[in-house]
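The values are calculated or read from the model by the stated rules, or taken from the named source; none is laboratory data. Quantities reported herein were computed from a predicted structural model and do not represent experimental measurements. With ideal geometry, Cβ positions are generated from the backbone for all residues, glycine too; neighbour counts draw on all protein chains shown.
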Amino acid sequence: MKRLLLIAICMMVPSVTWAQMSARDLLRDPYRDQQRDAMGSNPYDIVQEEIAEGDPLLDPDSVKPPRIKKPLESYFFGDSLRQQQAIMWIISRNFNEVTMQEMDTTLRMWRVDYPFYKKHGVGDAALGGMGQASLPFSFFERHYGRPDFSFAQPFDAYIYRLENVPFYNLKTPYFQFQYLESGQKRIREHNFGLTLAHNISPTTGFNLQYRDRGTNGVYDWQRQRNANLSIAVSHTGKRYTVHAGYVNNRISSQENGGVVGAWAVRDTTFEMPSGVPMKLRSYEAENEYRNNAFFITQSYGIPLARVREEDFSIARKPVIFVGHSFEYNTWTKKYRDIKGTYSNERVRRDTTTGSFVRQDGLEYYARWYENPAQTRDSLRERRITNRVYVQLQPWNREGVVGTVTGGVGQNWYLYSQFRPRDYVTGRQQNAKESGYFAYAGVGGKISRYVDWGADGEYYFAGPVGDFSLDGHLALTGFIRGKPIRLEGKVHTGMYDPGYWRQHLYSNHYIFDNNFRKEKDTRFEVTFSIPDHAFEVSFQQGVVTDKVVYEYMDSGKTTSTNIPIWDVGVRQATGTTSVTGVYARKDFRVAGLHLDHKVLVQWSSDERVVSVPLVTAFVSYYYEFWVVKKNNALKAQFGFDARYNTKYYAPGYNPAIGEFYNQHVERSGDYPYIDIFLVGKWKRARVFLKYQHFNRGLFGNGDYFAISGYPLNPGMFKFGLSWGFYD
């Protein structure tokens, strides 16, 4: 009997083992196991291998079905976005909305290293080198409304702020760095970038972005550095979402004031660009900007219908969201200089002999109010903003009426600067302002054919009467499955000109004004066929009582009766209209790419708004596979060209850090051409470029985008970008 029992037990053991293995195999995907062995486990696997406690052979009911792990439950993202390995977005300041962004991992614009050339349209007019101030050529891309710390706006292409801090959702950790520089150390330009992003859960992630861009100075006293840091955290859950971030921007500039005369670039050849005489070299003028900001915006959704466990999100449910947004932002600007003079060998032409007259002892600034020998100006602005809103999602976030939002908010401003009496005590004078506003918005979609929205804001305390209204309507049709799009946008508003344009106390400039509110209305109609890389838009703007900085006669003269010009601020009377037509068309023949962007603008009063009649960007290049196997190495070789017609290009004043209108000299009518060779090997991108290769070959030598500030001469650049996704 014992022998028979032992034989029976021995026969049962392999049977039980086989049964257990079969139960596990029912829940196992061999291909996924093979992939896991090669690449490691994926925390976002939809099916998780899990065996119930107890013996599945003895108790088959104890085998639980596969548990579904929902990778991304947020109402912000649709099904197609959830399936992507990596997505990036920015958040709205006022509303519970996000805007998707493209990650910079392709060759498409890799060759363009200056950030202000990567904007939509034809780019900016810049002082010259990497990191320096710039102003959009297009009037319709320039800032409108009451500016926050207007002195920093010329560096808008570089700085981080709430509206452009990126957030990520990633299936695997992401690390990317880039480094670009010019070849010569003495005049080196550099562009260093670092991005680190990681999701600690399917809905929670963080990222760090750091950019260090600048130049040692091709011309004399031109050193520039922009260091920009953003640290961001996001949680996009089914009901609760939060976006928080810290921003630090540091900008340091050596200010040379531009050339002593355009002749020094147009008509004279110097052995080295550093020999070109600059107005502020002897002044040793410098600017330093610092910015620290913290923000957090969050919302909680209260569903008005039952939410089942298997529902990925509440985007298709009626929901009420309650939200709050907080922002702390502080800026400082310090400007210093030492009184000096400069010489101009061609200050004017003698009417009798026709020869040029040299003038020594010229001064850049007409006035020295507090200290006749040197300047130490310091300004500070602090803003604290709170917003509370309620957003109703009546039926479906993608429905005809997707969301209806209403909220209230408050701004607290603190302005600090030295006034004349403060130089005795050494303490800055503070001015406080506050504003209370209400805002609302509504938007929706009709399937994939109509996208519409409108929003507005009104100040009922503080700058009473300030308001803005915005609306957009986009119609999309399809021909043989390819979309065509007609979109319209409109904006109108009335704004207080801002504190600094009315109350500025410095060693060189004192403003004490009481300007009227500015009015700004703009609308735009755009027709595009994305699959054919075609776009054309008509733009119209009307501004009333616009406040402008202007180059004007100071009322003083030199010892030889030459007028001394200076910069002042004034409010234009009446209305100025600006009309623009923008067109883009890219052609492709096999590997040959012919890309074109053209902007035509008219201004009814160039003393208020000065723009070039024609601004164009063309890029011709050939794209080809060097090693096609496994998509190993792709390359592009070609040239980029930028051009604008002659116009009264704006000037730039270092002491106040603002662009100003001038009507003394026209600049432009010069093609600025770069040749490049770039390549992408798997996840690495390589960059080779000779910038401004046509200098001295053809053109009139008038390579000024900003009056008095020449663009860089010929320069060789190279760089590398590498991304890691694990």
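Of VAL265, VAL322, VAL357, all but one fail to be in the same structural domain as ARG161 (by TED's automatic domain parsing), within 26 Å of ASP669 (Cβ to Cβ) and either at pLDDT below 95 or not in a loop (DSSP other than H, G, I, E, B) (or both); the exception is VAL265.
Listed by first and then second residue, the pairs with beta-carbon distance under 7 Å, at least 6 apart or on different chains, first residue in the range 222-245 and assigned by TED's automatic domain parsing to the domain that holds PRO115, second among the basic types (Lys, Arg) and at pLDDT 95 or above, are ASN226/ARG213; ALA227/ARG250; ASN228/ARG211. Take the conditions more than 39 Å from the chain's Cα centre (by Cα), crowded, with 17+ Cβ neighbours inside 10 Å, among the β-branched types (Val, Ile, Thr) and over 20 Å from GLU284 (Cβ atoms) and apply them to VAL357. Does it pass? No. The residue that is modelled with the lowest pLDDT, among those in the range 171-209 that are more than 26 Å from ARG239 (Cα to Cα), over 19 Å from the mean Cα position of the chain (by Cα) and among the small types (Gly, Ala, Ser), is GLY183. Screening the candidates LYS333, LYS339, LYS317 for the property of being touching a strand residue (DSSP E or B) at 6+ places or on another chain (Cβ under 7 Å), more than 30 Å from ASN94 (Cα to Cα) and surrounded by 15 or more Cβ atoms within 10 Å (Cβ to Cβ) yields one hit, LYS339.
Where strands (runs of 3 or more DSSP E) sit wholly within the range 77-138, those with at least 2 residues that are within 30 Å of ASN396 (Cα to Cα) occupy 86-91, 98-101.
Selection of first residues in the range 332-343 that are without any contact (Cβ under 8 Å) to a residue 60 or more places away in the chain and closer than 18 Å to ALA366 by Cβ and of second residues that are surrounded by 15 or more Cβ atoms within 10 Å (Cβ to Cβ) and of a type in the set (A, V, I, L, M), restricted to Cβ pairs under 7 Å at least 6 apart or on distinct chains, gives the following pairs, ordered by first then second residue: THR341/LEU362.
Hey, does the range 378-387 have a residue that's surrounded by fewer than 17 Cβ atoms within 10 Å (Cβ to Cβ), in the same structural domain as ARG522 (by TED's automatic domain parsing) and within 30 Å of TYR283 (Cβ to Cβ)? Looking for residues that are surrounded by fewer than 17 Cβ atoms within 10 Å (Cβ to Cβ), in the same structural domain as ARG522 (by TED's automatic domain parsing) and within 30 Å of TYR283 (Cβ to Cβ), one finds at least one in the range 378-387, hence yes. Of the residues contained in the range 444-456, one or more are found to be aliphatic (A, V, I, L, M), free of Cβ contacts under 8 Å to residues at least 24 places away in the same chain, surrounded by fewer than 16 Cβ atoms within 10 Å (Cβ to Cβ) and within 30 Å of PRO497 (Cβ to Cβ). Considering each residue of the range 105-122 in turn, at least one proves to be at pLDDT below 90, closer than 22 Å to ASN199 by Cβ and among the hydroxyl-bearing types (Ser, Thr, Tyr).
Entry remark, the range 518-534: residues being of a type outside the set (Gly, Ala, Ser) and surrounded by fewer than 18 Cβ atoms within 10 Å (Cβ to Cβ) number 10 in total. Run down ILE484, ILE510 and say which single residue is of a type in the set (Val, Ile, Thr), in contact (Cβ under 8 Å) with a residue 12 or more places away in the chain and surrounded by 15 or more Cβ atoms within 10 Å (Cβ to Cβ). Result of the check over ILE484, ILE510: ILE484. For the criterion of being surrounded by fewer than 18 Cβ atoms within 10 Å (Cβ to Cβ) and closer than 30 Å to ASN411 by Cβ, TYR369 fails. From the set of residues in the range 540-559 that are outside any strand (DSSP E or B) and touching a residue at least 40 places away in the same chain (Cβ under 8 Å), which is surrounded by the fewest Cβ atoms within 10 Å (Cβ to Cβ)? Out of the qualifying residues, it is SER559. A single entry from THR269, THR330, THR341 fulfils the requirement of being within 30 Å of ASN386 (Cβ to Cβ) and among the β-branched types (Val, Ile, Thr): THR330. Checked against the criteria, ASP520 does not count as over 20 Å from THR573 (Cα atoms), part of a strand (DSSP E or B) and assigned by TED's automatic domain parsing to the domain that holds VAL608. Of the residues examined, ASP674 is not one that is in contact with a helix residue (DSSP H, G or I) (Cβ under 9 Å, 6 or more places away or on another chain) and farther than 30 Å from ASN199 by Cβ. Of the strands (runs of 3 or more DSSP E) contained entirely in the range 396-512, those carrying at least 1 residues that are among the charged types (D, E, K, R) fall at 429-446, 450-461, 467-479, 482-495, 510-512. Of the numbered criteria (1) surrounded by fewer than 19 Cβ atoms within 10 Å (Cβ to Cβ); (2) within 30 Å of GLY406 (Cα to Cα); (3) among the aliphatic types (A, V, I, L, M), the one ILE159 fails is (1).
The residue list SER434, SER537 contains one member that is among the small types (Gly, Ala, Ser) and surrounded by fewer than 15 Cβ atoms within 10 Å (Cβ to Cβ), which is SER434. The test for being farther than 28 Å from GLU271 by Cα and under 25 Å from the mean Cα position of the chain (by Cα) does not hold for VAL664.
Elements of the type strands (runs of 3 or more DSSP E) sitting completely within the range 570-680 and holding at least 1 residues that are over 30 Å from THR106 (Cα atoms), out of contact with any Cys (no Cβ under 9 Å at 6 or more places or on another chain) and basic (Lys, Arg): there are none. Scanning the range 681-726 for residues that are in contact with a Pro (Cβ under 7 Å, 6 or more places away or on another chain) and assigned to a loop (DSSP other than H, G, I, E, B), we see that the one that is farthest from PRO654 (Cα to Cα) is ASP726. Residues in the range 572-583: is at least one within 20 Å of TYR114 (Cα to Cα), surrounded by 14 or more Cβ atoms within 10 Å (Cβ to Cβ) and in the same structural domain as VAL536 (by TED's automatic domain parsing)? Within the range 572-583, not a single residue is within 20 Å of TYR114 (Cα to Cα), surrounded by 14 or more Cβ atoms within 10 Å (Cβ to Cβ) and in the same structural domain as VAL536 (by TED's automatic domain parsing). The number of residues in the range 670-726 that are within 25 Å of LYS185 (Cα to Cα) and hydroxyl-bearing (Ser, Thr, Tyr) comes to 5.
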